[in-house]
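Asks: Quick one: structure below, then a few questions.
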Amino acid sequence: MRAWLEIDLDALGENYRRVREKIGPGVDLIAVVKADAYGHGISPIAGQLDLLGVDAFAVISLEEAKQVRLQAAKPVLIMGYLDPKELSEAIDEGFILSLYDRELIALYQRIAERVGKPARVHLKVETGLNRLGMTIDEVTDLLIGQHRFPLVSIEAIFSHLTNASDRATNLEQLRRLQQLVVKTQGRTPLLPIHLVSSGSLENFPEGFFDAVRVGLALYGVDEAIEGIKPTLACKSIVMQVKEIATGEGVSYGHLFIAKKPTTIAVVAIGYAEGYTQALTGRAEVLVKGKRVKVIGKICMNLITIDTTDLPVRRGDEVVLLGSQKDESGQVATITASELALWSNLRHHEVITRFGTALPRIYFNGKK
């Protein structure tokens, strides 16, 4: 393989246990495995999380829900758009639908009547993100008038934080959710609520409610919880090593010009494999356990790195995300946070870009 991903299932298990410790007893853990489990591979990750004891899963599509169902019998919340044909199948299979628009409840009722099974739903409440979701008043009306839609089974309420690491914003969104509870108290059954995501696990215990939705913390990407470990590494190989003279340029447009005699290595990965061109001129990689600069414009399937003074040869391993030891056993690491900073992207986008293009190797413990 010229470039690949390595997924550490032991690290996934350790991260799962740390999240459980953080949320404590009585709070369910909903594992977010949308976008192919953030590039980690939805089927093996869902299977592993099921063995670890996760309570439920959250996905974005019917196809993802079906992939999870093959691995686990736990509840699956579909948070994305479904067309009427997909809705029929989702209801028939017992998946949980997101009810994010008041007009949808009548559609869910009609399809449930045709299928002959109740539509299981979680109500999506708008508390400040101003994306998908209904207002407090709309949700209140739906809950009070739920008897008009007997085949729509409302099982929970959820919302989405605007800036999970900002406690002040979180508290304001919590206050709005509490308004809903007050408005419906004594008029409708008390429903479970889920609000918190990975970035708010540390600073917002008041928002745990009955369940939390966690993705990044399970994958060791979000540093919100002390001690979590990255589960994913991205690696490639050196294809060629060459010398260039002072004044020579590297890659398209010669964005890099050598100021002295320089040894460069050409590496078998590029933006088609998820190593975004936005990293050009900013990123570093690991070779022989040492950080080296990515130089020149990042190409579709190749990058060039400065390996001056390093004994690099064709076939040597290059780590673009993850850790590597040097000859003395010292470990160096390139984190998703660094890649996100260098590319002006979010952690989510960095790791899912790799996952759409590269083969994966799964392992427990040391390889």
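Asks: May I ask you to list the residues in the stretch 289-337 that are out of contact with any helix residue (DSSP H, G or I) (no Cβ under 9 Å at 6 or more places or on another chain) and at positive phi?
Replies: Matches in the stretch 289-337: Gly289, Asp309, Gly315, Gly322, Gly329.
Asks: While we're on this one: All but one of (1) closer than 21 Å to His347 by Cβ; (2) of a type in the set (Asp, Glu); (3) open to solvent by 50 Å² or more (accessible area, probe 1.4 Å) hold for Glu273, so report the exception by its number.
Replies: Failed condition: (3).
Asks: Would you list the helices (runs of 4 or more DSSP H) that sit entirely within the stretch 1-79 and hold 3 or more residues that are under 17 Å from the mean Cα position of the chain (by Cα) and among the small types (Gly, Ala, Ser)?
Replies: Hits in the stretch 1-79: 42-52.
Asks: Being touching a residue at least 40 places away in the same chain (Cβ under 8 Å) and of a type outside the set (A, V, I, L, M) narrows it down to one of Ser343, Ser328, so name that one. I'd like the intermediate steps shown before the answer.
Replies: On the way: Ser328 fails: touching a residue at least 40 places away in the same chain (Cβ under 8 Å).
Only one candidate qualifies: Ser343.
Asks: Out of Lys124, Lys117, Lys74, which single residue is open to solvent by 30 Å² or more (accessible area, probe 1.4 Å) and touching a Phe, Trp or Tyr at 6+ places or on another chain (Cβ under 8 Å)? Show your work before the answer.
Replies: Numbers: Lys124 fails: open to solvent by 30 Å² or more (accessible area, probe 1.4 Å); Lys117 fails: touching a Phe, Trp or Tyr at 6+ places or on another chain (Cβ under 8 Å).
Going through Lys124, Lys117, Lys74 in turn, the sole match is Lys74.
Asks: Which ones in the stretch 15-35 are acidic (Asp, Glu) and surrounded by fewer than 18 Cβ atoms within 10 Å (Cβ to Cβ)?
Replies: Glu21, the sole residue that qualifies.
Asks: Between residues in the stretch 208-223 that are in contact (Cβ under 8 Å) with a residue 24 or more places away in the chain and residues that are open to solvent by 10 Å² or more (accessible area, probe 1.4 Å) and of a type in the set (S, T, N, Q), which pairs lie under 6 Å by C-beta distance while being six or more apart or on different chains?
Replies: Short answer, once both residue conditions are applied: Arg213/Ser197.
Asks: Moving to a separate point now. Please go through the stretch 145-186 and pick out each residue that is open to solvent by 40 Å² or more (accessible area, probe 1.4 Å), in contact with a helix residue (DSSP H, G or I) (Cβ under 7 Å, 6 or more places away or on another chain) and β-branched (Val, Ile, Thr). Give the derivation first.
Replies: As a first pass, look at the stretch 145-186 and keep what is open to solvent by 40 Å² or more (accessible area, probe 1.4 Å): 146-148, 150-151, 153, 155, 160, 162-163, 165-169, 171-172, 175-176, 178-179, 181-183, 185-186.
Now restrict to residues that are in contact with a helix residue (DSSP H, G or I) (Cβ under 7 Å, 6 or more places away or on another chain): 151, 162-163, 165, 176, 179, 183.
Thr162 - this is the single residue of the stretch 145-186 that is open to solvent by 40 Å² or more (accessible area, probe 1.4 Å), in contact with a helix residue (DSSP H, G or I) (Cβ under 7 Å, 6 or more places away or on another chain) and β-branched (Val, Ile, Thr).
Asks: I need every pair where a residue in the stretch 293-308 that is within 20 Å of Lys259 (Cα to Cα) and open to solvent by 10 Å² or more (accessible area, probe 1.4 Å) has its Cβ under 7 Å from the Cβ of a residue that is in a strand (DSSP E or B) and basic (Lys, Arg), sequence separation at least 6 or different chains.
Replies: Asp306/Lys293
Asks: Looking only at the stretch 338-367, which residues are in contact with a helix residue (DSSP H, G or I) (Cβ under 6 Å, 6 or more places away or on another chain) and buried (at least 18 other Cβ atoms within 10 Å of the Cβ)?
Replies: Leu339, Trp342, Ser343, His347, Val350, Ile351, Thr352, Gly355, Leu358
Asks: I would also like to ask the following. When the stretch 227-246 is examined, which residues are found to be part of a loop (DSSP other than H, G, I, E, B), at negative phi and touching a residue at least 24 places away in the same chain (Cβ under 8 Å)?
Replies: If the condition is that a residue be part of a loop (DSSP other than H, G, I, E, B), at negative phi and touching a residue at least 24 places away in the same chain (Cβ under 8 Å), then Ile228, Lys229, Pro230, Thr231 are the ones that fit.
Asks: While we're here: Let me confirm something: among Leu49, Leu12, which residue is open to solvent by less than 10 Å² (accessible area, probe 1.4 Å) and in contact with a Ser or Thr (Cβ under 7 Å, 6 or more places away or on another chain)?
Replies: On the way: Leu49 fails: in contact with a Ser or Thr (Cβ under 7 Å, 6 or more places away or on another chain).
Going through Leu49, Leu12 in turn, just one is open to solvent by less than 10 Å² (accessible area, probe 1.4 Å) and in contact with a Ser or Thr (Cβ under 7 Å, 6 or more places away or on another chain): Leu12.
Asks: Further question on the same structure: If a residue has to be modelled with pLDDT under 95 and either of a type in the set (Lys, Arg) or in contact with a Leu (Cβ under 9 Å, 6 or more places away or on another chain) (or both) to count, how many in the stretch 292-324 make the cut?
Replies: Residues meeting the conditions: 0.
Asks: Are there any pairs with C-beta distances below 7 angstrom linking a residue in the stretch 261-281 that is under 19 Å from Trp4 (Cβ atoms) to a residue that is at pLDDT below 95 and open to solvent by less than 10 Å² (accessible area, probe 1.4 Å), with the two at least 6 apart or on different chains, and if so which?
Replies: Sorted first by the residue in the stretch 261-281, then by its partner, the pairs are Gly274/Phe354.
Asks: To continue, here is another question. Regarding Thr231, is this residue of a type in the set (Ser, Thr, Tyr), over 30 Å from Lys22 (Cα atoms) and within 26 Å of the chain's Cα centre (by Cα)?
Replies: So Thr231 does not fit the description; no.
Asks: Has the stretch 187-210 got any residue that is at negative phi, open to solvent by 50 Å² or more (accessible area, probe 1.4 Å), out of contact with any helix residue (DSSP H, G or I) (no Cβ under 9 Å at 6 or more places or on another chain) and part of a helix (DSSP H, G or I)? Spell out how you get there, then give the answer.
Replies: Within the stretch 187-210, the first condition is being at negative phi, and the residues that meet it are 187-208, 210.
After this cut, where a residue has to be open to solvent by 50 Å² or more (accessible area, probe 1.4 Å) as well, the list is 187, 189-190, 192, 202, 205-206, 210.
Okay, now just the ones that are also out of contact with any helix residue (DSSP H, G or I) (no Cβ under 9 Å at 6 or more places or on another chain), so 192, 210.
Add one more test, that the residue is part of a helix (DSSP H, G or I), and what stays is none.
No: the stretch 187-210 contains no residue that is at negative phi, open to solvent by 50 Å² or more (accessible area, probe 1.4 Å), out of contact with any helix residue (DSSP H, G or I) (no Cβ under 9 Å at 6 or more places or on another chain) and part of a helix (DSSP H, G or I).
Asks: Can I ask one more? Pairs under 8 Å by beta carbon, first residue closer than 12 Å to Val125 by Cα in the stretch 176-189, partner open to solvent by less than 80 Å² (accessible area, probe 1.4 Å) and part of a helix (DSSP H, G or I), six or more apart or different chains?
Replies: Arg176/Ile136; Gln179/Ile136; Leu180/Ile136; Leu180/Val139; Leu180/Thr140
The values are calculated or read from the model by the stated rules, or taken from the named source; none is laboratory data. Computed from a predicted structure; not experimentally measured. Please note: Cβ atoms are built from the backbone with ideal geometry, for glycine as well, and neighbour counts cover all protein chains shown. In case anyone asks, the SASA skips ligands and DNA or RNA and just uses the protein heavy atoms, side chains included. Shrake-Rupley method; radii C 1.70, N 1.55, O 1.52, S 1.80 Å.
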